[in-house]
Each structure stands twice: as structure tokens, then as C-alpha cells.
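Q: Below are the C-alpha cells for one structure; questions will follow.
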Amino acid sequence: MSAKDTFYVTTPIYYPNDIPHIGHGYTTVAADVLARWRRLIGDRVHFLTGTDEHGLNIVRAAGARGMTPQEHVDDINPRWHEMLVTLRIANDDFIRTTEQRHTSGVQAFMQRLHDNGDLYTATYSGPYCVRCEAYYTTEELVENELCPIHRRPVDRLEQENWFFRLSKYAPALLELFEQRPDFVQPDVRMNEVRAFVEGGLTDISASRSAFDWGVPVPWEPGHVFYVWFDALLNYVTAAGFGTDDAAFARRWPVDVHLIGKDIIRFHAVYWPAMLMAADIEVPRQVYAHGFLLVGGEKMSKSNATGIRPTELVEHFGVDCYRYYFLREISFGHDGSFSWESMEQRYTTDLANDLGNLVNRVLNMVSSYCDARVPDPTGEPGEAEAALGEDLDRAVVGLQSIDRLEFKKALEDLWVFVSGVNRYVEARAPWKLNKTGASDDLARCLYTAVDALRIIAVLISPVMPVAAERLWAKLGLPSALDEQRLPDAGRWGATPVGVTVQRGDLLFPKLEEQP
Ligand SMILES: [Zn+2]
């Protein structure tokens, strides 16, 4: 019987030589929103990210700086932690593949493949891209033998290697895809992966001896494991494989690996085959999101890799950053970033729809009720019922996060935000105050504040800072991070008589662009 009791989500491990850009931020924020959402509905969650610190590029970059590879990766590792802090990522673990737990786990895993007869030695020769750390077939090269990803010349490498019998697993992989059509999502990626396997698999190199910056092959001195047989294994070694069996049993199989579509083959073909060879369950799902493209004139001199998350966070704030990419782009598809569309989202969705609503409601509670949430003495009517329907739609819509449909989840959530705006407009508490309809006024303002409390809870996976600020304005006695759905999404949990504070605007007017 499975001991799994934890929702486990991962990002790819990042290449430390890179400078964190909005592409890294995109995957990481999405994983964080999923993790926060699962915590909000009461799950135990394990959210893993990390860095891939082995390989020839690291050796070369270190050499160029006059450092050892370890000194080099130690020196540049903080920039990844800084990105996590900047984007308010609440990961539970951060694996560095240079850690001992990773080395131990990789060796234990690969020993199984060796013992099962799935590894053998042969001489390999072929086109090799140093940046990808991958061999290609001649057919895969583009434009006069360039790497299809990097568009730069490849090397030709020949070496005695350990090989993994990937070809042996083609039938089992096709059976997996047949039985679990959502193993890879979205569907277009599943079809791509299936076609790749149907086209026939060749065995792949699992070790090399040209350099020693990697996890040593225990039975073959002078060899280290080939990069994917090191990097992919982070998902199990960080979860406890080979070092903490009890922890591993609670987490594995992983619920979803979030990746970019450029590394789908490694995650959806190599990785499940390697797990099968090691007698370990395959992931529940591999989800490949699209590429971020850069549109809009202001950013046209730059490109996606040139935009750092900090540039955007400094101008728009972290909440808008997290909201924008998930609201603007369908996660499984390619999408364009532009400064203008981000400004538009900030102004329309955040400052106007949400920020003004908060300000307006709290202003009225301050003016009409001495800043104390009134007792809802009036009877709920049609307006309250309509608002209830909007809320139901938002709560159901948020479950789209489980299918990585962030855009839909946020659209449905904004149905409720708009609904509260309409409600306030229709009930017109400023008129009720004038005419002395105190029961109706109390009912209206209580409902509006209660709606703001629910909004704070519902936005918290996507906009954790704004959610905390809103929560604080409402003067609620309990902590936001203790709230759980569905209870916290029900009406009437705001205590009567608590004191609200308007404070600073939730989404102030943007500074002029420098
Ligand atoms: Zn390449």
C-alpha cells in the first residue's frame, strides 16, 4: 500500500551559469501558485526547486574565472535564492546537485539500473552540443549542422560510455501513454511525445569520462554520470530516495513536474524509462508550458532572456508580476509579454477592479460605521443571492489550478471581484446612509467586507503580498495562512465589530516609466 500523503510538485532545476530571467520566473511562479493552492485546500505539500551544478559548462565557466567548479557554483548560487525571494516563492526544498544527498541517491538509483542489466558499455560518436550537454543525431541538426536549440556549431565527440537501454522501454512507454493519456499535458505535447517514441528509440549515453565534475560511477573509476542521469534524478534524490526511505514513500510519485516544452523529451521519455528500469513508479504528470515571447515596442530591443524579474517587480510589484503572466497567457501555449499589456492589467484588473473596491468599501465603513464592521441586521435579498452565485463560480473556477489552467481560474475569480463592484454600485450604501436605511446599510457593508475577506483568501495563492495587506486592513483576529477552503470561502465568517483600516492603496498609481 502506498504511504504517499503529500502533494509533490517540482520545477526543473536551473542552470546556475544562467542569469535568472522571466522564463525561469514563469515556471517557478506557476509551481508556487499550485503549491499555495494545494496548501489552501488543506493538502500537505512538498514543493521542490533547485540548481543543476554539474557538467562541462560549469568546469569551463569556473576555469575562466580562475576558480574550482565548486567555488564557482557556490559563488553564483545566491542569485537563484534571490530570485525566489523576489518572487515570494514558498518552496519547501532547494536541491543542489552537488549535495551529498544527491550523490548518494544517484549512485543508489544507477546501481539498480546496472544490476538489472539496463546499462552496457559501447563507443559513442556523434554531434554534441556543449550548451545542451546532449548528443544529437545528424538529422536533428539545423542549418549546416547547428544545434537546433542554440543555433551554434556542435562538437563531434567519441568516447567509451555506459549506455542505458532506452530502446527496450519503448513498448512500456507506449503502453503508459495509452493507459494514461494525461501523463503528458497539454494534449499537443502528449501527441508529440508519442510520435517520438513510435518513431523508434535509440539507447542513450549514461556516463562519460572526458571530465570528472559529476557524480562518480561507482563501478567504473574515471566515469561520471551523463548529465540527464544526474539532473533528472534530483526529483527523487531530493524527495529522499537512497537517503530517507520514509520521506520518499510519503512524496513519491510526484504529482506534477512543471517544465518548459523544450525539455519535454527528457522528462516524458527518458525519465519514465529510467524510473521503470529502477522499479520506481513513474510521475503522475509531466506538464510542459509554452514559451514566453516578447512583444511590444518598448521591449523590442531586448528579448525574453534579457528581462530580469527584478526589473518588472520593481515597477509593478510582485503581486502584479505573479498575476500578469498567469492571467495573460494560457499556460500550455506560447504567449507574449509586453510592458504595455502588463500596465493594462495592473491598471484595469488590479488598481481599478480590486484596489478601488477595497478602498471604497473600507472608506464607507470608516465614515458610516466608525470603522467597525456592522451587524448585518437587514435581510439578505436578491443582490446578495446574485453575489453568492458569482462566488460559487469563482470557487469552482479556482479548481482549474489543478489542471494548470491559471488563466481560467483568474478569469472566474474576477467574476466575483466584478460582482462585488456591481453589488456595491447597485446597493449604493451612500444613499442608504443618507436616507437612514440603517438595516440595509449594515447588511450591505457587512456583505462587502465579508466579500473582501473571501477575496483575500482566494487571491492568496497568486498574490500573497496583496492578500496579506488586505487581510491586515480588515482587522481580522485569525491569520490568513491558517485559512482553509472550503470553510474560509463561506459567507459570514467576518466577526461583527472588528475595526478596519483603510491604510495605503493596495495598488497605487504606477510611477512614470523611467
Ligand atoms: Zn544546444
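The values are calculated or read from the model by the stated rules, or taken from the named source; none is laboratory data. Note that this is a predicted model, so its numbers are computed, not measured. As a convention, Cβ positions derive from the backbone with ideal geometry for all residues, glycine included, and neighbour counts pool all protein chains shown. Protein only, heavy atoms only, side chains kept; ligands, DNA and RNA dropped before computing areas. Shrake-Rupley method; radii C 1.70, N 1.55, O 1.52, S 1.80 Å.
So that you can scan it fast, the table gives a plain yes or no per residue for (1) in contact (Cβ under 8 Å) with a residue 40 or more places away in the chain; (2) open to solvent by less than 30 Å² (accessible area, probe 1.4 Å):
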position	(1), (2)
D440	yes, no
R453	yes, yes
L480	no, yes
L505	yes, no
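Q: Kindly indicate whether N352 is open to solvent by 10 Å² or more (accessible area, probe 1.4 Å) and farther than 30 Å from G290 by Cα. Let's see the steps before the verdict.
A: Details: open to solvent by 10 Å² or more (accessible area, probe 1.4 Å): yes; farther than 30 Å from G290 by Cα: no.
So N352 does not fit the description; no.
Q: Also, quick follow-up: Pairs under 8 Å by beta carbon, first residue farther than 14 Å from F229 by Cβ in region 110-133, partner near the ligand (Cβ under 10 Å from one of its atoms) and part of a strand (DSSP E or B), six or more apart or different chains?
A: Qualifying pairs under 8 Å: Y128/A134.
Q: If you don't mind, another one. When region 2-16 is examined, which residues are found to be open to solvent by 50 Å² or more (accessible area, probe 1.4 Å) and more than 20 Å from A35 (Cβ to Cβ)?
A: Matches in region 2-16: S2, A3.
Q: Right, next: Residues to consider are R79, R44; find the one that is closer than 24 Å to A247 by Cβ and under 19 Å from the mean Cα position of the chain (by Cα).
A: R44
Q: Now a separate question. Of the residues that sit in region 181-226 and are β-branched (V, I, T) and in a helix (DSSP H, G or I), which one is nearest to the chain's Cα centre (by Cα)? Give the steps one after another, and end with the answer.
A: Restricting attention to region 181-226, the residues satisfying the condition of being β-branched (V, I, T) are 184, 188, 193, 197, 202, 204, 215, 217, 224.
Filter again for in a helix (DSSP H, G or I), leaving 188, 193, 197.
On the way: V188: 20, V193: 22, V197: 27 Å.
If we take residues in region 181-226 being β-branched (V, I, T) and in a helix (DSSP H, G or I), then V188 is nearest to the chain's Cα centre (by Cα).
Q: If you don't mind, there's one more thing I want to ask. Among (1) open to solvent by 10 Å² or more (accessible area, probe 1.4 Å); (2) in contact with a Phe, Trp or Tyr (Cβ under 8 Å, 6 or more places away or on another chain); (3) modelled with pLDDT under 95, where does S207 come up short?
A: Status for S207: all satisfied but (1).
Q: Can you confirm whether V197 is within 16 Å of the ligand (Cβ to nearest atom) and either open to solvent by less than 30 Å² (accessible area, probe 1.4 Å) or modelled with pLDDT under 95 (or both)?
A: no
For every residue, the table says whether it meets (1) among the charged types (D, E, K, R); (2) on the phi < 0 side of the Ramachandran plot.
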{"site": "E468", "(1), (2)": "yes, yes"}
{"site": "W471", "(1), (2)": "no, yes"}
{"site": "G475", "(1), (2)": "no, no"}
{"site": "D481", "(1), (2)": "yes, yes"}
{"site": "W491", "(1), (2)": "no, yes"}
{"site": "G497", "(1), (2)": "no, no"}
{"site": "E512", "(1), (2)": "yes, yes"}
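Q: Among the residues of region 499-510, which ones are among the basic types (K, R) and either on the phi > 0 side of the Ramachandran plot or within 31 Å of the chain's Cα centre (by Cα) (or both)?
A: Hit for region 499-510 is K509, nothing else.
Q: Then there's this: Which residues, counting only those in region 371-390, are modelled with pLDDT of 95 or more and open to solvent by 70 Å² or more (accessible area, probe 1.4 Å)?
A: Matches in region 371-390: R372, D375, E389.
Q: Within region 247-348, considering only helices (runs of 4 or more DSSP H) that don't extend past its boundaries, which have at least 1 residues that are at pLDDT below 95?
A: 309-316, 339-345
Q: For R469, work out the one condition from (1) touching a residue at least 60 places away in the same chain (Cβ under 8 Å); (2) open to solvent by 20 Å² or more (accessible area, probe 1.4 Å) it doesn't fulfil.
A: Every condition holds for R469 apart from (1).
Q: Might you let me know whether region 21-33 holds any residue that is in a loop (DSSP other than H, G, I, E, B) and surrounded by fewer than 21 Cβ atoms within 10 Å (Cβ to Cβ)?
A: yes
Q: Please verify whether R393 is within 25 Å of the chain's Cα centre (by Cα) and surrounded by fewer than 19 Cβ atoms within 10 Å (Cβ to Cβ), treating the condition exactly as stated.
A: When the stated conditions are applied, R393 passes them.
Q: Turning to a different aspect of this structure: Exactly one condition in (1) open to solvent by less than 40 Å² (accessible area, probe 1.4 Å); (2) more than 16 Å from the ligand (Cβ to nearest atom) is not met by R44; state its number.
A: Only one criterion is unmet by R44, namely (1).
Q: For region 254-270, enumerate the residues that are out of contact with any strand residue (DSSP E or B) (no Cβ under 8 Å at 6 or more places or on another chain) and open to solvent by less than 10 Å² (accessible area, probe 1.4 Å).
A: Correct list: V269 only.
Q: Within region 227-239, identify whether any single residue is buried (at least 22 other Cβ atoms within 10 Å of the Cβ) and more than 31 Å from the chain's Cα centre (by Cα), and answer yes or no.
A: no
Q: Another question, then. Of the residues A249, A238, only one is touching a Leu at 6+ places or on another chain (Cβ under 6 Å) and touching a residue at least 40 places away in the same chain (Cβ under 8 Å); which?
A: Sole residue among the options that is touching a Leu at 6+ places or on another chain (Cβ under 6 Å) and touching a residue at least 40 places away in the same chain (Cβ under 8 Å): A238.
Q: Of the residues P171, P221, P153, which is open to solvent by 30 Å² or more (accessible area, probe 1.4 Å), touching a strand residue (DSSP E or B) at 6+ places or on another chain (Cβ under 7 Å) and more than 30 Å from N91 (Cα to Cα)?
A: Answer to the check: P153.
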